[in-house]
Amino acid sequence: MGHKVHPYGFRLGVTRTWTAKWYQDKEYTSLLKEDITIRELVGKRLANASVSGLEVERNFGQVTVTVHTAKPGIVIGKGGQNVEILRQQIGALTKRKVKLEIKEIRQPELDAYLVAVNISQQLTRRIAFKKAMKQAIQRSMKAGAKGVKIMVAGRLGGAEMGRREWDKEGRIPLGTLRADISYGQIHTPTTYGRIGVKVWIYRGDFAPERPVAPPSAVLGQGV
């Protein structure tokens, strides 16, 4: 039997960090609920802004919310109007001072969640799932990915029985901790029912943090 592990959870503390950076003993439950509410609010407000992820950091009475988006212009709005409205809405959910940061995703084709959202939108428009998968893989590989795997499951093509189909190109080393794997999954509501989309993108390896000493230096120590 295959024991599946989330690619991000598997790499936490090694090559990936947490999306919520704070620690609390007494108010943990209320702050966790606050985090979930903030994420839901941003998800609804920026549904069309290609938001890939959200980071929440708390320190000394301040909440820093970092939004990773492929369309920063939509998030910021004309003269920063949309950002200010969003900051006020987040501020209404928390007692702390809110700082909002926008980070642009320069290559959305290498972000697995955004690729999954794109496939999901195509399935909603009744585009053939094989065509959508093939095109997404080609775009990601052209953008510089070293490997892409896409899996869709559900009543594909309106069939009576649900099934699972997948397509892959290149390498996806899920067991290698230094591998930079982008993972995203989303549920697509269609007229036939819900279709799940999962995407894995291998973007290369993380560079080692410690510089490796040249062989000559190591040999010289023993002399």
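For the stretch 1-33, name all the residues that are over 26 Å from Leu110 (Cβ atoms) and touching a Leu at 6+ places or on another chain (Cβ under 6 Å).
Gln24
Any idea which of (1) over 23 Å from Ala49 (Cα atoms); (2) β-branched (Val, Ile, Thr); (3) out of contact with any Lys or Arg (no Cβ under 6 Å at 6 or more places or on another chain) is the one Ile172 doesn't satisfy?
(3)
Here is a check on your reading of the model: is Arg155 within 23 Å of His68 (Cα to Cα) and surrounded by fewer than 19 Cβ atoms within 10 Å (Cβ to Cβ)?
Here the answer is no, as Arg155 does not meet what is asked.
Can you list residue pairs whose Cβ atoms sit under 9 Å apart, with the first residue in the stretch 12-37 being closer than 25 Å to Arg178 by Cα and the second being assigned to a loop (DSSP other than H, G, I, E, B) and modelled with pLDDT under 90? Count only pairs 6 or more apart in sequence or on different chains.
What qualifies is Val14/Phe206; Thr15/Phe206.
Looking at this structure, is Val65 over 21 Å from Asn118 (Cβ atoms), in a strand (DSSP E or B) and not assigned by TED's automatic domain parsing to the domain that holds Gln121?
In short, yes.
Here's a check for you: in the stretch 12-47, which residue that is aliphatic (A, V, I, L, M) and in a helix (DSSP H, G or I) is surrounded by the most Cβ atoms within 10 Å (Cβ to Cβ)?
Val42
Out of all the residues in the stretch 65-74, is one or more farther than 30 Å from Tyr28 by Cα and in contact with a Ser or Thr (Cβ under 7 Å, 6 or more places away or on another chain)?
yes
Out of everything in the stretch 125-141 that is exposed (fewer than 13 other Cβ atoms within 10 Å of the Cβ) and not hydrophobic (A, V, I, L, M, F, W, C), what residue ends up being farthest from the chain's Cα centre (by Cα)?
Arg126
Just for the stretch 60-85: of the residues that are within 24 Å of Thr17 (Cβ to Cβ), under 24 Å from the mean Cα position of the chain (by Cα) and not β-branched (Val, Ile, Thr), which one is modelled with the lowest pLDDT?
Once the filter is applied, the top-ranked residue is Pro72.
With (1) modelled with pLDDT of 90 or more; (2) of a type outside the set (D, E, K, R); (3) in contact with a helix residue (DSSP H, G or I) (Cβ under 8 Å, 6 or more places away or on another chain) as the list, and Gly9 as the residue in question, which single condition is left unmet?
That leaves (3) as the condition not met.
Looking at the stretch 109-133, I want the residues that are closer than 13 Å to Thr190 by Cβ and have a partner that is in a loop (DSSP other than H, G, I, E, B) and of a type in the set (Ser, Thr, Tyr) with Cβ atoms under 9 Å, at least 6 apart or on another chain. Which pairs are those?
Note: pairs meeting the criteria are Arg126/Thr191.
Filter the stretch 174-203 down to the residues that are loosely packed, with under 14 Cβ neighbours inside 10 Å and in contact with a strand residue (DSSP E or B) (Cβ under 7 Å, 6 or more places away or on another chain) and list them by number.
Once the filter is applied, which keeps residues that are loosely packed, with under 14 Cβ neighbours inside 10 Å and in contact with a strand residue (DSSP E or B) (Cβ under 7 Å, 6 or more places away or on another chain), the stretch 174-203 yields Arg178, His187, Gly193, Arg194.
Determine whether Gly9 is of a type in the set (Gly, Ala, Ser), more than 21 Å from Leu114 (Cβ to Cβ) and either exposed (fewer than 11 other Cβ atoms within 10 Å of the Cβ) or touching a residue at least 24 places away in the same chain (Cβ under 8 Å) (or both).
no
List the number of the failed condition for Gly144; all other conditions in (1) within 23 Å of Pro7 (Cβ to Cβ); (2) out of contact with any helix residue (DSSP H, G or I) (no Cβ under 8 Å at 6 or more places or on another chain); (3) loosely packed, with under 13 Cβ neighbours inside 10 Å hold.
(2)
Can you find, within the stretch 157-198, the residue that is modelled with the lowest pLDDT among those that are within 23 Å of Pro7 (Cβ to Cβ), of a type in the set (Ser, Thr, Tyr) and part of a strand (DSSP E or B)?
Going through the qualifying residues, I end up with Thr188.
The values are calculated or read from the model by the stated rules, or taken from the named source; none is laboratory data. Remember, predicted model here, so these are calculated numbers, not experimental data. Methodologically, a virtual Cβ is constructed for each residue, glycine included, from the backbone with ideal geometry; neighbour enumeration extends over all protein chains shown.
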